[in-house]
Amino acid sequence: MLQGVMLLWFLLTALSVAFVAIDIRSTPESRVLKWGFVLLTLYTGPVGAFLYVLGCREPLEGMHERYVAVTWRQVLGSTMHCVAGDGVGILAGAVIAGPLLLHGPTEMVVEYALGFGFGWTIFQALFMRQMAGGSFLRALRQTFSSELLSMNLLMAGMMPVAAAWRAAVPAAEDPLRPEFWFAMSMALLAGFIVAYPMNWWLVTNGLKHGMMTVRPKAESTPKAQGHDMAQAGPGDPSMEHGAGQGAHSKRATGLQVVGMAVLSFVALAAGVALGLAIGP
């Protein structure tokens, strides 16, 4: 039964990734978010493709700015960006843990460290450094707290699901087996769901951006809404942002950020405890 479900899942995932990778080329989104949607679809199969069509794909020519300005789509972009970047590091950690026979807390630490490290330094600070005036160090400072809060919730959702799959299907511990990749897909999908509310708070309090619109200068229109934003994503000298979606007048105070950080670590601790309790 499981073999048939996995075969169908991997087939749908391959078709979904191909569709998103081809179709998103014509979507006026920033380059880094385009790659993010491809990675998300690679992790979550048809769910990722559905989210791309529903949340980012331009419904009519010239309407992308208004289409993605809705808050839930902004949050979708923010959460997707987190899962796409952190997921690379988390998967790398899980693959490394297998041959090294790392289990339990040690494996969780490796996955968290690599996930946070890649998501923060590469997908957040490096790829989005133009939004910080081109300074990588400034981008690191500006994205640290938002990346930390989002990552904590992502891992809190992932760990119990991954542990449950490995307990039920021992082959899911082996990176050379399809069960491993299926289990990690389900875990990343669960992490996406759990991280979404935190990203809602981050976006609506001005700590993270969501979707953006990037068009060639010749195609920019006065329909753009919001504030102009600096170019995001490396290597787009011929592009400019048509809209600065995700800008909110409401700003979180330092005390609020600390409070949410505490809440995120409580959630992370609960996820770790549950994962260890479920795990083999």
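Read-outs throughout are calculated quantities, based only on the coordinates presented, and are distinct from any laboratory measurement. Keep in mind that what you see is a predicted model, and the values were worked out from it rather than measured. Cβ placement follows ideal geometry from the backbone for every residue including glycine, while neighbour counts extend to all protein chains displayed.
Quick look at the numbers
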{"quantity": "Lys34, Lys217, Lys208 arranged by Cβ crowding within 10 Å, fewest neighbours leading", "calculated": "Lys217, Lys34, Lys208"}
{"quantity": "Within the chain, helix-based [θ] at 222 nm, where runs of 4 or more DSSP H residues each add -39,500 (n - 2.57), nearest 500", "calculated": "-22000 deg cm²/dmol"}
{"quantity": "Sorted peptide list for 155-166, 192-203, 100-111, 75-86, criterion being average Cβ within 10 angstrom, highest first", "calculated": "75-86, 155-166, 192-203, 100-111"}
{"quantity": "Three-way shape label, the range 159-216, alpha-carbon gyration tensor, a/c 1.5", "calculated": "oblate"}
{"quantity": "Centre separation in Å (Cα based) which lies between the range 1-63 and the range 73-104", "calculated": "18"}
{"quantity": "Among (i) 19.1; (ii) 20.3; (iii) 18.0, the entry that matches Kirkwood radius over Cα pairs in Å as calculated here", "calculated": "(i)"}
{"quantity": "Cα centre as origin, Lys/Arg/Asp/Glu Cβ charges: the range 1-140 dipole, Debye", "calculated": "280"}
{"quantity": "Ranked by how many other beta carbons lie within 10 Å on average, peptides 12-24, 139-151 from highest", "calculated": "139-151, 12-24"}
{"quantity": "Degrees, to the nearest 10: 136-168 long Cα axis against longest axis of the chain", "calculated": "30"}
{"quantity": "For Val214, distant residues with modelled amide H under 5 Å away", "calculated": "Glu29, Ser30, Gly242"}
